[in-house]
Amino acid sequence: QVQLVESGGGLVQPGGSLRLSCAASRSIFDFDVMGWYRQAPGKQRESVATITTGGGTDYAASVKGRFTVSRDNAKNTVYLQMSSLKPEDTAVYFCSAENPWRTFWGQGTRVTVSA
């Protein structure tokens, strides 16, 4: 088991920035992939960004160039730096810890992009 606690969400104006954090209760080296997903009202959860144990990253096309995922192994924390935010980025953002046999999820943090 692992507990994942997201933080850093809030209300931001279009064009603004936010940094989300995901603190894990155990070593994130135990998981092949740490990820960020989001779910907007009335839509399915979608992948935003992932980072592997080796530091490899992958991004959804809609956020590439605006979002950056990173990890601090010593703090067992994963970050999502979001810049140039758009109203369509509004969603609940979830952190994930993934292995081939199981995925763990946090409770989510809400991001609202509005003027």
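The values are calculated or read from the model by the stated rules, or taken from the named source; none is laboratory data. From a predicted model like this one, the values you see are computed outputs, not experimental measurements. FYI the Cβ positions are ideal-geometry reconstructions off the backbone, even for glycines, and counts take in every protein chain you see. Only protein heavy atoms, including side chains, enter the accessible area calculation; ligands, DNA and RNA are left aside. Shrake-Rupley method; radii C 1.70, N 1.55, O 1.52, S 1.80 Å.
Here the calculated FRET efficiency for PHE104 and SER83, from their Cβ-Cβ distance with R0 = 22 Å, stands at 0.20, rounded to the nearest 0.05.
Counting only aspartates and glutamates at least 8 places from LYS64 when in the same chain, those with an alpha carbon closer than 17 Å to its own are GLU46, GLU88, ASP89.
Each peptide in 75-85, 97-107 gets a packing score, the mean of other Cβ atoms within 10 Å over its residues, and the list from highest to lowest is 75-85, 97-107. In terms of the mean number of neighbouring beta-carbon atoms within 10 Å, the peptides 26-35, 9-18 order highest first as 26-35, 9-18.
Heavy-atom accessible area, probed at 1.4 angstrom with all protein chains present, ranks TYR59, TYR93 as TYR59, TYR93, highest first.
Report, to two decimal places, the Cα Rg of the range 16-57 normalised by 2.2 N^0.38 Å (N = number of residues). Output field value: 1.36. Residues in the chain average 52 Å² of solvent-accessible surface per residue, probe 1.4 Å, ligands and nucleic acids excluded. Taken over the C-alpha atoms, the range 44-115 has Rg and Dmax values of 12.8, 42 angstrom.
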